[in-house]
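Worksheet: one structure, shown below.
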Amino acid sequence: MKTVAQPAQREVMDIRQAASYLGISADSLYRYASEGVVPAFKLGNRWRFKRDLLDRWMERQSGVSFEPASPESKKPARSAR
C-alpha cells in the first residue's frame, strides 16, 4: 500500500496564509500586525509570520499551556486509610 506524502506546512507564511491559519480575515491580520498585536516581521514591504511564533502567541492569548506539567507541580497522592 502506498502512503501519500502530506504537503509540508510552511514555517514562514504570508498574510493570506497566516490569516487562513488563524481563521481571521487578511484585513484584520494586517491591522493586528501593523499595531504590533501579533508577532510579525516585514520582508521588504510585505508582512511575514512564523508559524511557531503564532502558535506560542495563541497559547498566551488563550491562557492555555500545552506544555506537560512538571512532576514538581503535581500534588502528592493521598494515602488510603
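Taken together, the values in this text are just the output of simple stated rules run on the coordinates, not laboratory data. Computed from a prediction, not measured in an experiment: that's the story for all the values here. Virtual Cβ from ideal backbone geometry, glycine too; neighbours counted across all protein chains shown.
Kindly rank 16-26, 35-45 from highest to lowest mean number of other beta carbons found within 10 Å of each residue. Write down the numbers at each step before the final one.
Details: 16-26: 14.8, 35-45: 11.5.
Answer by packing, highest mean first, reads 16-26, 35-45.
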note = Residue span LYS42 to ASP27: 0.36 nm per residue of separation minus Cα-Cα distance leaves a gain in nm of 3.8 nm
